[in-house]
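Novice: Attaching a single structure in structure tokens format; questions to follow.
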Amino acid sequence: MMTSKTLTPSDWDSIHLVVFDVDGTLYRQRQLRLRMARDMLLYALFKRDINVIAVLATYRGIRERLGDEEAIEFERVLIAETAAATDNSPDTVRSIVAEWVERRPLPYLAGCRYPGLPRLFAGLRRRGKSIGILSDYPAEAKLRALGLTADHIVYAGDDGIGVLKPHPRGLESMIAMAGVNVETTVVIGDRPDRDGLVALRAGARVLIRSSRRIEGWQTFARFDDPLFAPFLTSCS
């Protein structure tokens with residue numbers, strides 16, 4: 001059951017750091033995955049090679065498990081296990097992930113971005129809030145593709161982090177980096193089991209983007225939700 005305090009529009013004055021997840025939170029992840037699945041299928045048919053599909057499916061499954069296990073130095077373990085399971089070299093796995101997870105999706109991201117985000121980000125800055133990005137995947141190139149900027153970016157694979165959500169190390173590092181208190185931090189994500197738990201374990205508030213209600217969690221469906229009203233007014 002959720003223990004994080006419910007956030008209301010009047011509570012925003014006490015919030016100094018707003019931390020966003022990326023995948024599934026800033027853009028429609030299903031829409032992107034459908035486009036990437038099409039591209040991978042065409043690539044496999046043209047090359048007559050399903051190795052890319054096999055590697056990425058295995059990589060994602062192992063990555064989820066390592067998140068559940070809160071494995072330390074997860075990237076090294078992830079690459080090694082994926083390579084062994086698919087009979088590829090670690091360098092081949094790294095190359096496939098760099099191309100298909102980090103580079104090829106970038107041109108599609110702007111078209112998958114949720115409506116209202118530039119306006120919300122501008123409103124947060126206008127009201128003096130710091131914006132953080134906390135992601136289990138490298139996020140800087142994605143943010144540029146989405147046309148968004150942040151004050152602080154923490155990736156699970158950064159030096160000194162090395163562990164996926166819901167371990168709170170990444171969030172705690174960002175809070176220290178921003179020079180704020182956990183009580184003045186809110187995390188906005190799409191997965192209760194990752195974004196929700198990382199916030200609760202650090203002691204921050206949490207909002208879950210979802211088109212349906214999720215028992216035990218405070219949810220919102222759109223970035224023009226009345227919850228964000230203080231940031232959506234035009235500049236005077």
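Novice: Please verify whether the stretch 194-202 includes one or more residues that are buried (at least 16 other Cβ atoms within 10 Å of the Cβ), farther than 21 Å from E75 by Cβ, touching a Phe, Trp or Tyr at 6+ places or on another chain (Cβ under 8 Å) and not basic (K, R).
Specialist: Yes, the stretch 194-202 has at least one match.
Novice: Let me ask another. Give me a count of the residues in the stretch 186-205 that are charged (D, E, K, R) and either outside any helix (DSSP H, G or I) or not assigned by TED's automatic domain parsing to the domain that holds Y137 (or both). If you could, list the steps in order and put the result at the bottom.
Specialist: Narrowing the stretch 186-205 to residues charged (D, E, K, R): 190-191, 193-195, 201, 205.
Next, from what is left, pick out any that are either outside any helix (DSSP H, G or I) or not assigned by TED's automatic domain parsing to the domain that holds Y137 (or both): 190-191, 205.
Going through the stretch 186-205 one residue at a time, the tally reaches 3.
Novice: Has the stretch 218-235 got any residue that is farther than 22 Å from R127 by Cα and free of Cβ contacts under 8 Å to residues at least 24 places away in the same chain?
Specialist: The initial filter retains those residues of the stretch 218-235 that are farther than 22 Å from R127 by Cα, namely 218-219, 221.
Still in the list and also free of Cβ contacts under 8 Å to residues at least 24 places away in the same chain: 219, 221.
Scanning the stretch 218-235 turns up at least one residue that is farther than 22 Å from R127 by Cα and free of Cβ contacts under 8 Å to residues at least 24 places away in the same chain.
Novice: Does the stretch 138-145 include one or more residues that are surrounded by fewer than 19 Cβ atoms within 10 Å (Cβ to Cβ) and closer than 19 Å to T185 by Cβ?
Specialist: No, every residue in the stretch 138-145 fails to be surrounded by fewer than 19 Cβ atoms within 10 Å (Cβ to Cβ) and closer than 19 Å to T185 by Cβ.
Novice: Look at V19 and say whether it is crowded, with 16+ Cβ neighbours inside 10 Å, out of contact with any helix residue (DSSP H, G or I) (no Cβ under 6 Å at 6 or more places or on another chain), touching a residue at least 24 places away in the same chain (Cβ under 8 Å) and among the β-branched types (V, I, T).
Specialist: yes
Novice: Condition test on A84, is it out of contact with any helix residue (DSSP H, G or I) (no Cβ under 7 Å at 6 or more places or on another chain), free of Cβ contacts under 8 Å to residues at least 60 places away in the same chain and of a type in the set (A, V, I, L, M)? Reasoning before the result, please.
Specialist: Values: out of contact with any helix residue (DSSP H, G or I) (no Cβ under 7 Å at 6 or more places or on another chain): yes; free of Cβ contacts under 8 Å to residues at least 60 places away in the same chain: yes; of a type in the set (A, V, I, L, M): yes.
For A84, the condition - out of contact with any helix residue (DSSP H, G or I) (no Cβ under 7 Å at 6 or more places or on another chain), free of Cβ contacts under 8 Å to residues at least 60 places away in the same chain and of a type in the set (A, V, I, L, M) - is met.
Novice: Does the stretch 37-66 hold any residues that are farther than 15 Å from T92 by Cβ, crowded, with 16+ Cβ neighbours inside 10 Å and hydrophobic (A, V, I, L, M, F, W, C), and which are they?
Specialist: M40, I62, L66
Novice: When the residues of the stretch 203-222 are narrowed to those that are touching a strand residue (DSSP E or B) at 6+ places or on another chain (Cβ under 8 Å) and over 21 Å from E183 (Cα atoms), which ends up surrounded by the fewest Cβ atoms within 10 Å (Cβ to Cβ)?
Specialist: In this case the residue turns out to be R212.
Novice: Please state which one of A44, A85, A98 is of a type in the set (G, A, S) and within 18 Å of Y155 (Cα to Cα).
Specialist: Numbers: A44 fails: within 18 Å of Y155 (Cα to Cα); A85 fails: within 18 Å of Y155 (Cα to Cα).
Result of the check over A44, A85, A98: A98.
Novice: What residue, of G128, G132, is surrounded by 15 or more Cβ atoms within 10 Å (Cβ to Cβ) and closer than 27 Å to I15 by Cβ? Please lay out each step first, then the result.
Specialist: Details: G128 fails: surrounded by 15 or more Cβ atoms within 10 Å (Cβ to Cβ).
It is G132.
Novice: Could you tell me whether R104 is over 30 Å from T233 (Cβ atoms) and either assigned by TED's automatic domain parsing to the domain that holds L146 or touching a residue at least 24 places away in the same chain (Cβ under 8 Å) (or both)? Before you say what the answer is, go through the steps one by one.
Specialist: Details: over 30 Å from T233 (Cβ atoms): yes; either assigned by TED's automatic domain parsing to the domain that holds L146 or touching a residue at least 24 places away in the same chain (Cβ under 8 Å) (or both): yes.
Judged against the criteria, R104 is a match.
Novice: In the stretch 7-25, is there at least one residue being more than 29 Å from A202 (Cα to Cα), assigned to a helix (DSSP H, G or I) and hydroxyl-bearing (S, T, Y)?
Specialist: no
Novice: Taking E183 and the conditions (1) touching a residue at least 12 places away in the same chain (Cβ under 8 Å); (2) in a loop (DSSP other than H, G, I, E, B); (3) more than 18 Å from the chain's Cα centre (by Cα), which numbered condition does it fall short on, given that it satisfies the others?
Specialist: (2)
Novice: State all residues of the stretch 146-184 that are among the basic types (K, R) and buried (at least 22 other Cβ atoms within 10 Å of the Cβ); if no residue qualifies, say none.
Specialist: Scanning the stretch 146-184 gives a single hit, K165.
Novice: Across the stretch 206-222, what is the total count of residues that are among the aromatic types (F, W, Y) and not in a loop (DSSP other than H, G, I, E, B)?
Specialist: Of the residues in that region, 1 qualify.
Novice: Let me ask something additional. Given the structure, is S135 outside the structural domain of S211 (by TED's automatic domain parsing) and either in contact with a Pro (Cβ under 7 Å, 6 or more places away or on another chain) or of a type in the set (S, T, N, Q) (or both)?
Specialist: Judged against the criteria, S135 is not a match.
The values are calculated or read from the model by the stated rules, or taken from the named source; none is laboratory data. The model shown is predicted, which means the values in this text are computed figures rather than measured ones. Don't worry about glycine lacking a Cβ; one is built from the backbone with ideal geometry, like all the others, and counts go over all protein chains shown.
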